[in-house]
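Handing you this structure, nothing more for now.
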């Protein structure tokens with residue numbers, strides 16, 4: 001049973017383009033229509049042949065669709081929804097891929113007619129690259145996709161979106177939007193915040209040159225730069241839309257950092273060793289859960 | 001011209017074992033003798049056939065050697081040097097691979113006789129794994145090795161150590177020990193400190209379960225766990241031995257983090273976007289400099 005027959009995707013960045021490729025690869029009988037607000041991106045998507053039709057307007061993209069997925073930055077969701085509101089078929093399912101869910105659920109609910117079913121989603125997957133060329137069909141394989149329907153959401157619509165993401169290779173979980181935002185503040189938003197900060201700090205020092213930072217980055221710094229190379233607009237929106245949860249976990253992080261700072265200042269080697277032993281074990285758990293590769297050094301080539 | 005004919009390595013962890021393999025592969029005529037304080041490690045090194053001889057004592061390892069390399073945790077360097085002091089040949093070059101250099105130069109100078117040449121070194125390379133099985137011959141390929149000889153060091157000894165590391169595939173740079181410690185505080189020690197902290201913070205939350213942290217780690221958190229899986233003893237010693245520089249750059253980081261925190265709290269999207277755009281450019285520079293792979297997502301397999 002095909003969960004949806006006519007899918008529209010708005011926004012052809014890394015995630016939208018990966019989604020289009022995954023639909024093509026895994027659900028080849030789906031009629032796929034896509035749109036991007038940027039004419040250059042649309043041209044590129046046509047050249048890459050990522051969809052059956054690339055429309056010049058968002059409204060044209062959603063006509064007759066039974067599933068529409070908004071793949072735009074979190075704070076652009078409301079406007080994108082408003083742009084298609086009048087052209088959605090009754091009973092159409094509208095979803096998204098945003099990294100923040102409470103604000104998106106509120107924005108979609110405000111912008112869309114009651115005749116459509118809203119099922120927000122967040123595939124926890126991505127890379128540091130942006131744009132349609134960066135997308136690939138296997139991005140969601142084995143990753144988790146979190147659905148955050150509101151309390152009155154249509155159960156059949158939720159089941160169909162679950163089936164859709166399962167077909168694309170993802171594991172699907174349903175979660176309360178506020179809890180989603182707290183969990184992701186820890187596993188994704190705080191790590192990005194820290195990575196952006198440390199890369200900024202290292203670039204601004206007067207006593208160490210930029211060239212030295214680059215040359216000796218293999219000592220650990222370079223791993224942070226991958227995350228700090230993520231899309232600026234997407235991440236600006238994430239932090240502004242999930243402000244409370246991000247500031248909460250940041251407070252916890254700062255307290256823990258102060259404790260570590262104090263241990264270093266006072267030479268408390270036992271404190272350091274105990275923490276470092278505990279954190280080492282966490283990685284093994286992530287590898288056992290299939291959420292990262294066991295190859296050491298991320299399997300970086302050394303030859 | 002072979003820079004050294006008889007090399008002794010003390011300590012067969014990740015770096016010592018990689019060094020032994022690299023010597024075997026790139027300088028096959030060198031007579032290589034190794035030692036580890038742990039009998040189980042010695043047995044493993046014999047089984048892996050990493051050297052011509054595996055000695056049961058450190059003293060036996062250095063007899064007749066013209067180069068001895070200490071590959072033990074930074075705060076164990078002094079004791080390791082004292083253990084071999086009486087058995088070193090006059091004119092022997094003693095080096096190390098520690099991540100902190102001012103304290104190691106001081107410790108080696110205090111422990112060793114004036115008849116040997118001290119040329120401290122730091123190959124900026126490694127993985128999150130430990131022990132002799134984790135070592136591999138190509139670890140130093142294209143990475144930088146920083147030499148930090150004292151002001152009165154023998155120029156010929158420095159040139160020979162430079163040639164040695166060059167033959168093993170590394171780029172060699174000479175630097176003042178104190179400046180080395182500041183540069184590495186930024187490019188290596190601070191990133192490790194931050195990674196250890198965030199992995200600890202995430203593990204301790206009551207509102208988000210450990211299982212949730214693991215499941216959704218692909219959102220960014222998992223990259224930090226690789227660094228936070230590094231050897232606890234090695235890193236305890238690094239922080240305690242490079243306390244001043246680490247606390248200095250940590251102070252800068254904390255200030256920058258507070259500025260970002262404030263921008264989020266006050267909704268200053270332009271500040272965020274400007275920083276995130278700037279940090280994105282840093283990664284490109286690191287890839288251009290050959291210090292990381294250009295494959296997105298570290299080339300993690302997605303199939």
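How many residues are crowded, with 22+ Cβ neighbours inside 10 Å and either assigned by TED's automatic domain parsing to the domain that holds residue A:187 or not in a strand (DSSP E or B) (or both) when one looks only at the range A:89-102?
Matching residues across the range A:89-102 total 6.
State the number of residues belonging to the range A:245-294 that are surrounded by fewer than 18 Cβ atoms within 10 Å (Cβ to Cβ), touching a residue at least 12 places away in the same chain (Cβ under 8 Å) and over 23 Å from residue B:251 (Cα atoms).
1
Going by the structure shown, is residue B:163 more than 10 Å from every other protein chain (Cβ to nearest Cβ), surrounded by fewer than 22 Cβ atoms within 10 Å (Cβ to Cβ) and more than 28 Å from residue B:10 (Cα to Cα)?
No; evaluated as a whole, the condition is false for this residue.
Please verify whether residue B:203 is in a loop (DSSP other than H, G, I, E, B), farther than 30 Å from residue A:301 by Cβ, modelled with pLDDT under 95 and facing chain A (nearest Cβ under 7 Å), treating the condition exactly as stated.
No; evaluated as a whole, the condition is false for this residue.
Scanning for something within 20 Å of residue B:73 (Cβ to Cβ), part of a helix (DSSP H, G or I) and either facing chain A (nearest Cβ under 10 Å) or touching a strand residue (DSSP E or B) at 6+ places or on another chain (Cβ under 7 Å) (or both), does the range B:141-159 turn up at least one residue?
No - not one qualifying residue is present in the range B:141-159.
Taking helices (runs of 4 or more DSSP H) that fall entirely within the range B:9-71, which contain at least 3 residues that are closer than 20 Å to residue B:117 by Cα?
Helices (runs of 4 or more DSSP H) meeting the threshold: B:58-62.
In the range A:223-238, which residues are part of a helix (DSSP H, G or I), at the interface with chain B (Cβ under 7 Å from one of its Cβ atoms) and under 18 Å from residue B:218 (Cα atoms)?
A:223, A:224, A:225, A:226, A:227, A:235
Do you know which residues across the range A:105-126 are buried (at least 23 other Cβ atoms within 10 Å of the Cβ) and in a loop (DSSP other than H, G, I, E, B)?
A:119, A:120, A:124, A:125, A:126
Separate question: Collect the residues in the range B:266-303 that are touching a helix residue (DSSP H, G or I) at 6+ places or on another chain (Cβ under 6 Å), within 7 Å of another protein chain (Cβ to nearest Cβ) and part of a helix (DSSP H, G or I), keeping them in residue-number order.
Selection gives B:269, B:272, B:273, B:275, B:276, B:277, B:279, B:282, B:283, B:285, B:286, B:298.
If only one of A:204, A:248, A:256 is within 24 Å of residue B:282 (Cα to Cα) and not assigned by TED's automatic domain parsing to the domain that holds residue A:129, which one is it?
A:204
Continuing with the same structure: I'm told residue A:188 meets every condition in (1) touching a helix residue (DSSP H, G or I) at 6+ places or on another chain (Cβ under 9 Å); (2) more than 7 Å from chain B (Cβ to nearest Cβ) except one. Can you identify the failing condition by its number?
Checking residue A:188 against (1) touching a helix residue (DSSP H, G or I) at 6+ places or on another chain (Cβ under 9 Å); (2) more than 7 Å from chain B (Cβ to nearest Cβ), the one that fails is (2).
For the range B:206-222, give me the residue count where each residue is assigned to a helix (DSSP H, G or I) and facing another protein chain (nearest Cβ under 7 Å).
Our first condition is that a residue be assigned to a helix (DSSP H, G or I); within the range B:206-222, this holds for B:210-215, B:217-219, B:221-222.
Still in the running and facing another protein chain (nearest Cβ under 7 Å): B:212-215, B:217-219, B:221-222.
Of the residues in that region, 9 qualify.
Any chance you could count how many residues in the range B:42-66 are in contact with a helix residue (DSSP H, G or I) (Cβ under 7 Å, 6 or more places away or on another chain) and touching a residue at least 60 places away in the same chain (Cβ under 8 Å)?
Number of matching residues: 4.
Residue by residue through the range B:239-264, note down the ones that are more than 8 Å from chain A (Cβ to nearest Cβ) and in a helix (DSSP H, G or I). Walk me through how you get there before you give the answer.
First, the residues of the range B:239-264 that are more than 8 Å from chain A (Cβ to nearest Cβ): B:241-242, B:244-245, B:248, B:251, B:255, B:258-259, B:262-263.
Hits for the range B:239-264 are B:241, B:244, B:245, B:248, B:251, B:255, B:258, B:259, B:262, B:263.
Restricting to the range A:105-140, name every residue that is without any contact (Cβ under 8 Å) to a residue 60 or more places away in the chain and out of contact with any strand residue (DSSP E or B) (no Cβ under 9 Å at 6 or more places or on another chain).
A:106, A:107, A:110, A:111, A:113, A:114, A:115
The values are calculated or read from the model by the stated rules, or taken from the named source; none is laboratory data. The model shown is predicted, which means the values in this text are computed figures rather than measured ones. Cβ coordinates were reconstructed from backbone atoms using ideal geometry, including for glycine residues, and neighbour counts include every protein chain displayed.
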